[in-house]
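Undergrad: Provided herewith is a single structure, encoded as structure tokens, for subsequent inquiry.
The values are calculated or read from the model by the stated rules, or taken from the named source; none is laboratory data. Note that the coordinates shown come from a computational prediction; the quantities given were computed from them, not determined experimentally. We place every Cβ from the backbone using ideal geometry, glycine too, and count neighbours over all the protein chains shown. We work out accessible area using only protein heavy atoms, side chains counted, and drop any ligands, DNA or RNA first. Shrake-Rupley method; radii C 1.70, N 1.55, O 1.52, S 1.80 Å.
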There are 2 protein chains.
Amino acid sequence: MPASPTLNRQVVLKSRPLGIPQAEHFEIRSAPVPELRDGEVLVRNQFLSVDPAMRGWVNAAANYSEPVGIGEVMRAFSAGRVVASRNPRYPEGSLVMGLLGWQDYAVTDGKAIRRQVLETDLPLSLSLGVLGLNGITAYFALNACGEPKAGETVVVSTAAGAVGSVVGQLARHQGCRAVGIAGGEDKTRLCVEAFGYDAALDYQAPGLEQALSEACPGGVDVYFDNTAGRISDAVHPLINRHARIVICGTASVSSWDPWPQGPRIERHLLNKAARMQGFLVWDYEHRYEEALAALAPLVREGKLRYREEILDGIEAAPGSIADLYQGKNMGKRLIRLEDA
Amino acid sequence: MPASPTLNRQVVLKSRPLGIPQAEHFEIRSAPVPELRDGEVLVRNQFLSVDPAMRGWVNAAANYSEPVGIGEVMRAFSAGRVVASRNPRYPEGSLVMGLLGWQDYAVTDGKAIRRQVLETDLPLSLSLGVLGLNGITAYFALNACGEPKAGETVVVSTAAGAVGSVVGQLARHQGCRAVGIAGGEDKTRLCVEAFGYDAALDYQAPGLEQALSEACPGGVDVYFDNTAGRISDAVHPLINRHARIVICGTASVSSWDPWPQGPRIERHLLNKAARMQGFLVWDYEHRYEEALAALAPLVREGKLRYREEILDGIEAAPGSIADLYQGKNMGKRLIRLEDA
């Protein structure tokens, strides 16, 4: 069913999940598209992003951002075209990406826009993935926090994912050995065949510790940690002196209430004078274009590969987060809106 | 009983402890003082150091240094005077500090010497404490890893200890709020009255979490962690955005076999884009004099206070480590040798 040109379909938070958000925690409503005030723009969203961070956004616990309120439009990154503008910075026809929500239309005074999309020769969907916050996150998490040096071993969890796959490829381009960890044979094959990892390990198979030791005979210098949990527990004992662990996500932890226990990390960090650092991409907002200047040419030259998994229609949005945590997706997950 | 001038009393490791080394794991033997070869010096030790790190040195598990062998002289920092020299770098009469062992006399080609003690106007014992690796550790752990800024809150565990007390005082000198955590009322009083902490909390009293919240109303920017365990578990939830946690020791963990569990740290680090870093003072060996140039004037001016707890006679050495882990010492623990 095509969207009415005057109605804005919105996915709103209906109830607050304790753990991973499911379809039942959302509902779709229709609201009128508001009139623009001075300084505002109207964006017609073309792609909605589905991200693991959304779990944190809807949980009530204090987090790195305020939780989405019940009855509010689900916070989400979206990309679309400015279809009406009373803001000279974003003229009609511009392509933009930002926190425009899971909805057909977004009105913003510009604050929600994270970036004007300048790579108009490339698909707009990339601005939500490899040339969006996923790629930007990978670039700064690896380079600014991981600080890899040629010849080092970089281990990547969620190695086939939207961020991890970029981390692995960038590490390889910088002369590192890249070892990926992913769930299931399909994903580990993708790691090696599509993303060029030197080795890829299936965490669902028995013997992860042993497999890791064998895949990292010289130990681990950089660990891109997007999972926490038992995958990280297997990596930590292998870290080298002055290793750098970059915490980008905690996908393997289904709930932080009650707070999960695990092996204490302090001794590993002390014995190796190693570093573990949480990474939030917002800290690098003033440097996004630096990342894109590095990433976009690699995409154009075919040296930075990506996978997308596109679901059609806003109706797919409510149930689209839970799958991410079951490891079902095989690429950056997006919702494509009809008639956009 | 004074040491024989021709015999060298040595504390050797008799058996390997699983956890904290006790008196029974050592024995004292007498050996002849060897003849010097070319390039060697003979040091008459005056003070032997007792350090929490010794637990790690005698445990068999892989660590940041090779374990002391059974029957070998106990590895230890000592300070003394060169009484015979065939090495022009350390002439007779020089004062030196280094890994000279728990023994009356040490022979070395100079490699065991960490530093020639140049502050001859100050007691030699300080070269094992506030002007030794304790002070140097505090200086670099705080400044190079903790990176405190004026107005920030610095929390210090083992706050009354040889390293912690220096961290707290340096933090105050740099305009920070310093909150100490120590065991028992005597130590918390020492923290405030002798070392100038803004607040000091007794981890043995109930309600540490609540007391910490109240003592750190603006959260925690730097955590000097010398304990791990439940003290750290109480600090971690209070860290601020971009907090720095410096892991200097794990005094509250009595054994790492079996490996202890605790609340997972990843979420705290991620939510706050915070950093947790293991600190080994050896990484700063080329910069020791920089620390001493900052610390020695503060000692001379009475602005950097310290406590020593001096035990007399080498017979006190074997049982001197265990007490540290029971929180019994009230200052830097040293063994003073007779006739030295």
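Undergrad: Using a 1.4 Å probe on the protein heavy atoms only, what accessible surface does B:E72 show? Give it in Å² to the nearest 10.
TA: 100 Å²
Undergrad: Compute the acute angle (0 to 90°) between the alpha-carbon long axis of helix A:288-300 and the principal axis of greatest extent of the alpha-carbon atoms of chain A; round to the nearest 10°.
TA: 80 degrees
Undergrad: Let me ask something else. If amide H atoms are built 1.01 Å from N in the plane of the peptide, which residues on other chains or at least 5 residues away come under 5 Å of the amide H of A:M74?
TA: Hits under the 5 Å cutoff: A:V11, A:V12, A:L13, A:W102.
Undergrad: For the pairs A:K272/A:K303; A:K332/B:K272; B:K149/B:K272; A:K187/A:K332; B:K187/B:K303; B:K149/B:K303, flag any whose C-alpha to C-alpha distance is greater than 24 Å.
TA: Over 24 Å Cα-Cα: A:K272/A:K303; A:K332/B:K272.
Undergrad: Something else: Cα to Cα, under 25 Å, and not fewer than 8 places away if on the same chain: which lysines meet these conditions relative to A:K14?
TA: Filter leaves A:K328.
Undergrad: Against the longest alpha carbon principal axis of chain A, how many degrees, from 0 to 90 and to the nearest 10, is the axis of helix A:164-173 turned?
TA: Tilt of helix A:164-173: around 60 degrees.
Undergrad: Here is a further query. Can you compute log10 of I(q)/I(0) for the protein assembly as shown with the Debye formula, treating each Cα as one identical point scatterer, at q = 0.11, 0.12 Å⁻¹?
TA: Taken in order of the listed q values, log10 I(q)/I(0) reads -1.09, -1.22.
Undergrad: Okay, moving on. Antiparallel as a % of all DSSP beta bridges within the protein assembly as shown, to the nearest 5?
TA: That works out to approximately 55 percent antiparallel.
Undergrad: Tally Lys/Arg at +1 and Asp/Glu at -1 over every other residue whose Cβ is under 14 Å from the Cβ of A:V253; what's the total?
TA: Surrounding charge for A:V253 is 0.
Undergrad: Additional query: Counting only heavy atoms of the protein chains, get the accessible area per residue of the range A:133-282 (1.4 Å probe) and round it to a whole Å² value.
TA: On a per-residue basis, the range A:133-282 sits at 32 Å².
Undergrad: Given label points at 7 Å from Cα along Cα→Cβ, what nm distances, shortest first, separate A:Q204 from the same residue in every other copy?
TA: 5.3
Undergrad: Which of A:L18, A:L311, A:L270 moves most in a GNM of chain A, Cα contacts under 10 Å?
TA: In the Gaussian network model the winner is A:L270.
Undergrad: For label points placed 7 Å from Cα toward Cβ, what is the shortest-first list of nm distances from B:K303 to its copies?
TA: List, nearest first: 5.3 nm.
Undergrad: Here's something else I'd like to know. So what does B:T120 come to for accessible area, using a 1.4 Å probe and Å² rounded to 10?
TA: 100 Å²
Undergrad: Next question, about the same structure. Whole Å is fine, so just give me how far the alpha carbon centre of the range A:23-96 lies from that of the range B:229-246.
TA: What the calculation gives is 34 Å, centre to centre.
Undergrad: Something else: Using a 1.4 Å probe on protein heavy atoms, which residues of the range B:220-262 have at least 30 Å² less accessible area in the complex than alone?
TA: B:R241, B:I247, B:T250, B:W256, B:W259, B:Q261, B:G262
Undergrad: Could you state how much accessible area is buried at the A-B interface, both sides summed, with a 1.4 Å probe, in Å² to the nearest 100?
TA: That pair of chains buries around 3500 Å² in total.
Undergrad: Moving on. In nm, one decimal, shortest first: how far is the label point of B:D186 (7 Å from Cα along Cα to beta carbon) from the matching points in the other copies?
TA: Ordered by increasing distance: 6.6 nm.
Undergrad: Another one. In deg cm²/dmol, rounded to 500, what helix-only [θ] at 222 nm does the protein assembly as shown give when every DSSP H run of at least 4 residues adds -39500 (n - 2.57) and the total is split over its residues?
TA: For the protein assembly as shown, the value works out to -5500 deg cm²/dmol.
Undergrad: Follow-up question, since we're still on this one. Name the long-range amide H neighbours of A:A31: under 5 Å, sequence gap of 5 or more, or other chain; modelled H, no Pro or chain starts.
TA: Close amide H contacts, sequence-distant or interchain: A:N8, A:R9, A:Q10.
Undergrad: Please tell me the relative contact order of chain B in percent, rounded to the nearest whole number, where contacts are Cα pairs under 8 Å and at least six residues apart.
TA: 19 percent
Undergrad: Could you derive backbone 3J(HN,Hα) for the range B:311-324 from the dihedral phi with the Karplus parameters 6.51, -1.76 and 1.60 (θ = phi - 60°), listing whole Hz in sequence and x where the residue is Gly or Pro?
TA: My calculation for the range B:311-324 gives 9, 9, x, 4, 4, 7, 4, x, x, 8, 7, 3, 4, 4 Hz in order.
Undergrad: Ordered by residue, what ³J(HN,Hα) values in Hz, to whole numbers, does the range A:126-132 give under the Karplus form 6.51 cos²θ - 1.76 cosθ + 1.60, where θ = phi - 60° and Gly and Pro are x?
TA: 5, 5, 9, x, 4, 10, x
Undergrad: Note down the magnitude of the dipole of the range A:133-282 about its Cα centre, charges +1 on Lys and Arg C-beta and -1 on Asp and Glu C-beta and zero elsewhere, to the nearest 20 debye.
TA: Using Cβ point charges on Lys, Arg, Asp and Glu, the range A:133-282 gives about 420 debye.
Undergrad: Right, something else. Roughly how many whole Å is it from the C-alpha centroid of the range A:122-139 to that of the range A:193-228?
TA: Cα centres, the range A:122-139 to the range A:193-228: 24 Å.
Undergrad: Return the long-range amide H neighbours of B:A200 (sequence gap of 5 or more, or a different chain), with a cut-off of under 5 Å between placed amide H atoms.
TA: B:G180
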